[in-house]
Each structure stands twice: as structure tokens, then as C-alpha cells.
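Beneath this line is the structure, given in C-alpha cells, with notes to follow.
Any read-out appearing in this document is the output of simple, stated calculations on the displayed coordinates, not a laboratory observation. Predicted model, so just to flag it, every value in this text is computed and none were measured. Cβ sites come from the backbone with ideal geometry, for glycine too, and all protein chains shown count toward neighbours.
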Amino acid sequence: MSRDRQAGIAGMAVSGHAGVMQMSPIPPRGVARFALYGEMPRQAAPGFVHVERLSLRSGLHDWSIAPHQHDGLAQAFWLAEGSVRVQIDTIRQEVEAPALLVIPAATAHAFEYRPGSEGDVLTLAAEFVAGLSAGEVAQAFQAPLVLPMSAEAAAALGVGPIFARLGHELEYGAAGLAVAVGALVQLLMVAIHRLAPAAVVAPAAGGVLWQSFRAAVEQRFRACHAVAEMAEGLAVTRGRLDAICRRHGGRTAQQVIHDRIILEAQRNLIYSGLSVAGVAYDLGFVDPAYFSRFFLRETGETPGGFRRRHRSQGE
């Protein structure tokens, strides 16, 4: 019985698999972007949900998944057997099964599996997750998480059976599919919430404006580095925006923008073959020298020094 399943919930059509492409370990221009790994990027349907066996794609690529990201798609990996060396943005960690890995949308990641490792991979549209998010589990797919656990904890939370049931529902498409899949994903979100450190999954103290600002930063951080323009787009004063950011994020609005720029710069410096100047231009800087000074001020090291340090750690 096939464990490679996908569906478009709520009547959204989902195209079939494209041919799988081989990748070089370091993409020549920026972090590689895919739909599913090895497939050409495309706009994810709002109801896209896909489950497949971990070995299906990993085995095809000799158990080495090169750095890449999925725009508009979040993922959860259930490692039932084996082990994996994980890279998620600047996080590097070796994990033994059983473990659960959470990859938010547009987050750079790479894996080196022990041959023969097994489990399941859930890929779902970020919009689908947002539609299910409520209450204390709302942050489940908002931060990258590496969650090793005991066999007893895995059994108590039913993590493996959740993935198996999702695969079954998507394969057979029986009546009530959307309700069943939504309920199972919410159960998975509960498991993530219970396993993750409280500081990671605890929702911020609310605020539609805070969420709107974060979304605006995500959409425009390359083109807009100025708080005043962001505030104008949200129809608030800079003072009001700073107050909201301090309350919910502990940072000023300008610092939030700078944090996002630095995160993207770090991703490109670690995972891409772009020169430092190329990274600067990709992030909207006209002067690469100014970008280097900005990076040094924000992180305490030069872009080149940061790249050398992280690449030496990966050797």
C-alpha cells in the first residue's frame, strides 16, 4: 500500500509530482526553493496537505537532503527509526529516533539521515495551518523545533498513529476528509505544544497589529527597511508601533525589521553560494560595504567571518 499521499482540502486541486532533480550541496544563487523536495516551486493551494514515507525521497537522494526551503508550506517530520543530523537556519543538531521536527514555511533546512532511517513527512499549506490555529496551540508551526522524545512519550502522545491516520485519510479520501484531516493536524499541533519548551509555543499576549506588522515585515523586508514606511502602511504612528513591538516581542519595530534582514542574510551566507555583495543586493542594500557594517553591528562579526565559522562547523 502506498504511503505517498496528498490531497487538496476544501476542494482545492493539487497537481501531481513532477520529476525529481538532483541538487548540488550549495545552491549557486540563494537558498534553493521547492514545492516538495526536488520539485519545481509553485504556488501552494490553500488546502494542500501531503504525507509520504521519509525514506521515499531521502533514499532517492542517498539520505542527504541539501539546503532548501518551501515558500508557503510548513512541514513536520516524524523520525520513527534511525537518526538525522539537522540544520534549520543556524541550528545544527544530531537527533536519534523517536523525534519530531517542525519546519515553518520559508525556513531553510537540510538533513543527513542515517541510511535506513524511517518515518513520515507531513507537508501542508501555511494557510491551512493558519485556519486551524487557535488558543494555546496556535504557535505550533511558527518556530523551528527539534523535539526528541522517549518511546513512552511518543506512545502516550500517539505521534506515529497521527501520521499513519493522516496518510490513510489522504489515500482513501472518504466522506468527511477535510474534517478528519483538520482534526488530525490539530492533534499533532497539541503534541507539538506539549513537547516544545513553554517559551517557544506560548502565544504572545495578543494583538492584531503585532501580527499584521510581522506579516508586513515578512512580505517587504527586502524592499522596505524603514519603520516609518511600515507604520504608514499599517495606518499607525511609529510610537504606537514601537509600543506594540516592545509589548509583544521585546524589541522596537526597527529591531524587528533588522532581525528579519539578519536572519535572511545568515541563511544565504550559510546555505548559498552568493558572494557577500550578492547577499547585500538580494536584501535591498545598494552599498555592500554598508551591508557589511550593518551585519557587523547587529551580530558582532563580519559576513565573511560568519560564513567561514558556520561552514567550518559543517565540515
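How high is the FRET efficiency between Tyr290 and Ser150 when r is their beta carbon distance and R₀ equals 51 Å, given to the nearest 0.05? Walk me through the numbers before you get to the answer.
Numbers: r = 50 Å, r/R0 = 0.98.
FRET efficiency, Tyr290 to Ser150: 0.55.
Could you please rank Asp287, Asp282, placing first whichever residue has the fewest other Cβ atoms within 10 Å of its Cβ? Walk me through the numbers before you get to the answer.
Numbers: Asp287 12, Asp282 17.
Ranking Asp287, Asp282 by Cβ neighbours within 10 Å, fewest first, gives Asp287, Asp282.
So if we plug the beta-carbon distance of His310 and Cys224 into 1/(1 + (r/R0)^6) with R0 = 22 Å, what FRET efficiency do we get, rounded to 0.05? If you can, show how the numbers build up before the last one.
Details: r = 28 Å, r/R0 = 1.25.
Working from the Cβ atoms, E equals 0.20.
Short version: ³J(HN,Hα) in whole Hz for each residue of the stretch 72-84, in order, from phi by Karplus 6.51 cos²θ - 1.76 cosθ + 1.60 (θ = phi - 60°), x for Gly and Pro, what are they?
With the stated coefficients, the stretch 72-84 comes to x, 10, 9, 9, 10, 10, 9, 9, 8, 9, x, 8, 8 Hz.
Read phi for every residue in the stretch 104-111 and hand back ³J(HN,Hα) as whole Hz from Karplus 6.51 cos²θ - 1.76 cosθ + 1.60, θ = phi - 60°, with x for Gly and Pro.
x, 4, 6, 10, 5, 8, 8, 9
Just want the answer: with Cβ charges of +1 for Lys and Arg and -1 for Asp and Glu, which residue in Phe285, Tyr271, Gly233 is farthest toward the dipole's positive end in the stretch 229-287?
It is Gly233.
Once both labels are modelled 7 Å past Cα along the beta-carbon direction, what's the Gln255-Asp71 spacing in nm?
Each label point is offset 7 Å from its Cα along the Cβ direction, giving 3.1 nm.
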